Amino acid sequence: MRVASCNLSIVPLRAEPSHCSEMVTQILFGEEFEVLEEGKDFDRIRLFTVNYEGWIQNSQYVYIHQSTNNKNYIVDLEGAIAKSSGKSIRLVHGTTVSSPELGIGDELYRIEGKTRNPTLTDFEKEFPKLIAHYLDSPYMWGGRSSAGIDCSGFSQIIYKHFGVFLKRDAWQQAEDGIIVDFLPEIKAGDLAFFDNEEGRIVHVGVMIDHETIIHAAGKVRIDKMDSLGIFNADVNRYSHKLRIVKRYFGD
């Protein structure tokens, strides 16, 4: 197995080996993966944490001897900087690091900035901060940061803040968790999933309470939700049809 790691702030993972190809997700600094196939400019990889495949430009990562880094901390909302040998790499929220140093290949990076030990015990304190940080962030297909994020990237990064690692796409996230049978039983942090006319799950959002949802649709926004789905007051209609609500932690 050829193990590698991203040594840049945040880079695209594409569906095909081309800059013109769809960006399916983004890889954050320090995230590790297996290199499956080498090409001229792009290599096909599989991310370890989410078992997700795609193509990365081969100048945007380095090989490492083995996956040994102790990554028990994540970069907090304020961001951080990784410094090494004259380099200064800005790290976005959700980047997983060891503290205070992180080795990638032959480079040793010192992390400057606030990191946190992800835990669910501070959910009530941290969740409002996450809402404020991401609110009005622009929607971007495949995005995973406040500079641009999609619906499942948003739910994934919210949960990662608390040490819970979700799969990448909405339909994959819906495969896990416990069903919440009745809307009044919804709690903050539950995920609501929405389907299209063919019955395929195409959208996900994070519940703030039993009738309010935050989700990425055009931008990260807060809307009301009922048994029919999300009601967008800006256009005075339902924008997404509710399929199921699931819980991933707590009772």
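A few remarks follow.
- Each helix, a run of at least 4 DSSP H residues, gives -39500 (n - 2.57); summed and divided by the residues of the chain, these come to -3000 deg cm²/dmol at 222 nm.
- Whole-Hz couplings from phi, Karplus 6.51/-1.76/1.60, listed for the range 107-122; x for Gly and Pro: 9, 10, 9, 9, 8, 10, x, 7, 10, 9, 8, x, 8, 7, 5, 10
- Rounded to whole numbers, the Karplus 3J(HN,Hα) couplings from phi for the range 79-94 are x, 7, 10, 9, 10, 6, 6, x, 7, 9, 10, 6, 10, 8, 3, x Hz, using 6.51 cos²θ - 1.76 cosθ + 1.60 with θ = phi - 60°, and x at Gly and Pro.
- Surface composition of the range 64-201: carbon plus sulfur atoms contribute 51% of the solvent-accessible area (1.4 Å probe, protein chains only, all chains present).
- For F29, F123, the ranking by accessible surface with the largest value first comes to F123, F29, using a 1.4 Å probe.
- Between amide H atoms placed 1.01 Å from N, distances below 5 Å from L91 occur with A80, I81, A82, all of them 5 or more places distant or on a separate chain.
- Two-site FRET efficiency, R237 against L135, from Cβ-Cβ distance with R₀ of 22 Å, rounded to 0.05: 0.50
- Quotient of Cα Rg and 2.2 N^0.38 Å for the range 147-196, N being how many residues it contains: 1.17
- For the chain, pairs of C-alpha atoms spaced more than 29 angstrom apart make up 31 percent of the total.
- Förster radius 41 Å - calculated FRET efficiency between Q66 and D41 (Cβ-Cβ, nearest 0.05): 0.95
- Residues of the chain: accessible area per residue with a 1.4 Å probe, Å²: 48
- Given K71/K219; K129/K160; K71/K167; K114/K246; K167/K224; K71/K114, the pairs whose alpha carbons are separated by over 23 Å: K71/K219; K114/K246; K167/K224
- Counted charge near I111, where neighbours are those whose Cβ lies closer than 9 Å (Asp, Glu -1; Lys, Arg +1): 0
- Protection proxy ranking for 208-214, 30-36, using the average of other Cβ atoms within 10 Å per residue and placing the highest first: 30-36, 208-214.
- Kirkwood Rh and Cα Rg combined as Rg/Rh, the range 38-107: 0.97
The values are calculated or read from the model by the stated rules, or taken from the named source; none is laboratory data. Given the structure is predicted, the values throughout are model-derived calculations rather than measurements. When we count neighbours, we look across all protein chains shown, and the Cβ atoms used for this are built from the backbone with ideal geometry, even at glycine. SASA here: full protein model, heavy atoms, side chains in, ligands and nucleic acids out. Shrake-Rupley method; radii C 1.70, N 1.55, O 1.52, S 1.80 Å.
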